[in-house]
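One structure below.
The values are calculated or read from the model by the stated rules, or taken from the named source; none is laboratory data. This one's a predicted model, so the numbers in the text were calculated from it and none came from an experiment. Note: ideal-geometry Cβ built from the backbone for every residue, glycine included; neighbour counts use all protein chains shown.
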Amino acid sequence: MKVCSSCEEQKPLEDFHKDSKGKEGRRASCKECDLYKKKQKYSLDTDYKEKVRKYQRDRSEHYRDLNKVWYKENREYVREKVRHRYHTIAETRASIKANSAQYRRSKVSAQPPCLGEADKQRIKDIYLLAEDLQLVSGQKYQVDHIIPLRGKKVCGLHVPWNLQVLPEDINLSKGNSYEDSWQSAPRRNKLPPLRLSLFRLPVRCSTW
Ligand SMILES: [Zn+2]
């Protein structure tokens, strides 16, 4: 037991933070009083507040990066887990369905009303191309929005010149990020390298 120098209450040793310089290897004031003092300082001292906030920001960025790496390495495990939850937990199923419905809706709202029939057909062709590629190669392909529809900083459009066919694993690793490597959105009528290479493949899309 130890008496707190601030509240002067007698408390068990575990109620004091460790401090190698303090008596009995603990701080003079108890954890509760320490927290109270810190909170006071946080609300009064702007420098201290900024320091704490910076620390929290750095830490959250650090963990976000760690999580990203972990997710990349354990993607199959996570997907299996989500799949399992989808089939066993009604609540999860509902929220996943709602999310994908929202995504479908955002596709519609991301389509400018001026989009002509020819462009709408081009969009269909791109989706067909992804299916054809899958058939031909046996690998999974997805249609990707070069600038994501629901990006954090920018939102792309559901228009032919914002679409590209990507192997599924590359597309999933991209997520909703819009980074440097993806910023070279192909200009209208200018095909990105991937599509150019498809001329030799026996695909249905004669427009390519
Ligand atoms: Zn105390």
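Before moving on, here are some points about what is shown:
- Every residue from the range 4-37 that is within 12 Å of the ligand (Cβ to nearest atom) and in a helix (DSSP H, G or I): ASP15, LYS31, GLU32, CYS33, ASP34, LEU35, TYR36, LYS37
Let's see how each residue does on (1) of a type outside the set (S, T, N, Q); (2) modelled with pLDDT of 85 or more; (3) within 23 Å of TYR71 (Cα to Cα):
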{"position": "TYR103", "(1), (2), (3)": "yes, no, yes"}
{"position": "LYS124", "(1), (2), (3)": "yes, yes, no"}
{"position": "LEU135", "(1), (2), (3)": "yes, yes, no"}
{"position": "LEU166", "(1), (2), (3)": "yes, yes, yes"}
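- Pairs where the first residue, in the range 151-176, is closer than 14 Å to ALA130 by Cα and the second is surrounded by 15 or more Cβ atoms within 10 Å (Cβ to Cβ) and of a type in the set (Gly, Ala, Ser), C-beta under 8 Å, 6+ apart: VAL165/ALA130
- Among the residues listed as ARG59, ARG75, ARG64, the single one being more than 16 Å from the ligand (Cβ to nearest atom), in contact (Cβ under 8 Å) with a residue 60 or more places away in the chain and either surrounded by fewer than 11 Cβ atoms within 10 Å (Cβ to Cβ) or of a type outside the set (Ser, Thr, Tyr) (or both): ARG75
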